[in-house]
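Novice: What follows is a single structure, and I will ask about it in a moment.
Where a number appears in this text, it was derived from the coordinates with a stated rule and is not lab data. What you see is a predicted model, and the numbers here were worked out from it, not measured in a lab. Neighbour counts run over all protein chains shown; Cβ positions are idealised from the backbone, glycine included.
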């Protein structure tokens, strides 16, 4: 580096920090939504299976007319 070149600041400028924080928050939100879809499908499948079991038990336990 020569004396004609400006010295770089030791800390990032405020705009850079804010952009980094916003990018990190967006990554977290994206990951949450991506994983959440899979989790919701698994939860929905579990609820449907539990309902099916409950319906079969009810049919089995009810007296036939």
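Novice: If R0 is 35 Å, what FRET efficiency do you get for residue 60 and residue 30 from their C-beta distance, rounded to 0.05?
Specialist: 0.15
Novice: Using label points projected 7 Å from each Cα along Cα→Cβ, tell me how many nm separate residue 19 and residue 44, to one decimal.
Specialist: 3.9 nm
Novice: Taking N as the number of residues in the range 15-64, what is its Cα Rg relative to 2.2 N^0.38 Å?
Specialist: Compactness ratio reported: 2.23.
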